[in-house]
Amino acid sequence: MRLLLIEDDDRIAGPLTEGLGRYGFTVDHVRTGAAGLAGTDGAPDLVLLDLGLPDMDGLDVCRSLRARSAVPIIMITARGEEADRIVGLELGADDYLAKPFGVRELVARIRAVTRRTTGALPFPAPAHPAAPETPGPQLLGSLEINRRTRQVRLDGAEVLLTPREFDLLAYLAEDPGTVHSRQQIMDSVWDPHFFGPTKTLDAHVAALRRKLGDPAWITTARGVGFRLTVPGHDAEPGAAG
């Protein structure tokens, strides 16, 4: 599925293009409204339109696009006021997403708009292998991770984690023993549009190590990232249902 992204801020467009690419989308990026209008000649399947463009208002771009094409349009903008949303939708936009947002939410909206406008649903592949579907929890030594109930047990005792701590642990456990880069973790557990301090990852790793009772559960690959290991096990841990 080919998307046309009309966004002048490379700090947003770059990570967004990369993130959507991991879900199997092809993204053509332009930085101005004029280039966006010209870009629709390539017949994109859907347009992602920022309102704050340097050469013309995104609402005018939306109006022009709708006058010449039925291509689905999702507005992505920092303008979150109700009036802007109403005007955008009345001008022909199919959906409206206020910044900041996560790539996974945007993908869900792309799928929903595609269902409504064409009756088809794209099923792009995720960026990293999904954890194996098993009838029961994942077992890594004495650690038990139940994704269905979002519960973690260690030696039979429940470990109380925050939602983000659970997401981080579950992500590392998808491929235990493998080093995940800091960027991969931030993109997957947070998202490419998370612009907070990078130390937040270190804080969550430290919290997990403390709650698991042994820092060896999550080891550091200096200068790269982190991996999940079973303390005292020489072999890479595996999953069992």
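Values quoted throughout were computed directly from the atomic coordinates according to the rules given, and no laboratory measurement underlies them. All values reported here derive from a predicted model rather than from experimental measurement. Reconstructed Cβ throughout: ideal geometry from the backbone, glycine too, with neighbour counts over all protein chains shown.
The phi torsions of segment 49-65, fed into the Karplus equation with coefficients 6.51, -1.76 and 1.60 and a -60° offset, translate into couplings of 10, 7, 7, x, 9, x, 9, 7, 5, x, 5, 5, 4, 4, 4, 5, 4 Hz, rounded to whole numbers, with Gly and Pro shown as x.
Dividing the convex hull volume of the Cα atoms of segment 1-113 by its residue count, what figure in Å³ per residue is obtained? Write down the numbers at each step before the final one.
Details: hull volume 9.8 nm³, N = 113.
Looking at segment 1-113, the number lands at 87 Å³ per residue.
Mind ordering 4-11, 96-103 by average Cβ neighbours within 10 Å, highest first?
Working: 4-11: 19.4, 96-103: 16.0.
The peptides rank, most packed first, as 4-11, 96-103.
The modelled label-to-label distance between residue 57 and residue 149, using points 7 Å beyond Cα along the C-beta direction, is 5.5 nm. In a shell of Cβ-Cβ distance under 13 Å around residue 204, excluding residue 204 itself, what net charge do Lys and Arg (+1) and Asp and Glu (-1) give? Its environment carries a net charge of +3.
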